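Questions regarding the structure given below will be posed in turn.
The values are calculated or read from the model by the stated rules, or taken from the named source; none is laboratory data. Since the model is a prediction, treat every value here as computed from it, not as a measurement. We place every Cβ from the backbone using ideal geometry, glycine too, and count neighbours over all the protein chains shown. Note: areas computed on protein heavy atoms with side chains; ligands, DNA, RNA excluded. Shrake-Rupley method; radii C 1.70, N 1.55, O 1.52, S 1.80 Å.
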Amino acid sequence: MTVTEKAATLDGRKGISIGRTESKTAERQDIIIDPTNGLVIGERLVILNGQPGIPAGTALGSTSVTTSVVNSAPTSTPSK
């Protein structure tokens, strides 16, 4: 695991990207952390070697995480 970017942006939020490289697939899996509170902003998969039509360093996929504080837990309705 290494810091891959000190100013990564995901879903409009900036954070620090910590990644692990998979040498077999030439891909890197990153977790992006908000440096002010330590919360996870999200994750992404980055291709390290360019392919036809896909330059090296392109994110192949990403997921963002949003957290909030509420006054009560949501209630679930039975599925039909």
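Could you check segment 42-75 and list, in sequence order, the residues that are of a type in the set (S, T, Y) and part of a loop (DSSP other than H, G, I, E, B)? Write out each step before concluding.
Looking only at segment 42-75, we keep the residues that are of a type in the set (S, T, Y), and these are 58, 62-64, 66-68, 72, 75.
Matches in segment 42-75: T58, T66, T67, S68, S72, T75.
This table checks each residue for (1) closer than 21 Å to S23 by Cβ; (2) surrounded by 10 or more Cβ atoms within 10 Å (Cβ to Cβ).
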| site | (1), (2) |
| --- | --- |
| I41 | no, yes |
| R44 | yes, yes |
| L48 | yes, yes |
| P55 | yes, no |
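Inspect segment 45-57 for any residue being touching a Lys or Arg at 6+ places or on another chain (Cβ under 7 Å) and either modelled with pLDDT of 90 or more or of a type in the set (A, V, I, L, M) (or both) and give the result as yes or no.
yes
Residues checked against (1) touching a Leu at 6+ places or on another chain (Cβ under 7 Å); (2) basic (K, R); (3) touching a residue at least 24 places away in the same chain (Cβ under 8 Å):
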site: D11; (1), (2), (3): no, no, yes
site: A26; (1), (2), (3): yes, no, no
site: G38; (1), (2), (3): no, no, no
site: L48; (1), (2), (3): no, no, yes
site: P52; (1), (2), (3): no, no, no
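Determine if segment 14-27 includes at least one residue that is in a strand (DSSP E or B), in contact with a Gly (Cβ under 8 Å, 6 or more places away or on another chain), of a type in the set (K, R) and surrounded by 12 or more Cβ atoms within 10 Å (Cβ to Cβ).
No, segment 14-27 contains no residue that is in a strand (DSSP E or B), in contact with a Gly (Cβ under 8 Å, 6 or more places away or on another chain), of a type in the set (K, R) and surrounded by 12 or more Cβ atoms within 10 Å (Cβ to Cβ).
Taking the condition open to solvent by less than 80 Å² (accessible area, probe 1.4 Å), of a type in the set (A, V, I, L, M, F, W, C) and more than 22 Å from S68 (Cα to Cα), does I33 pass?
Here the answer is no, as I33 does not meet what is asked.
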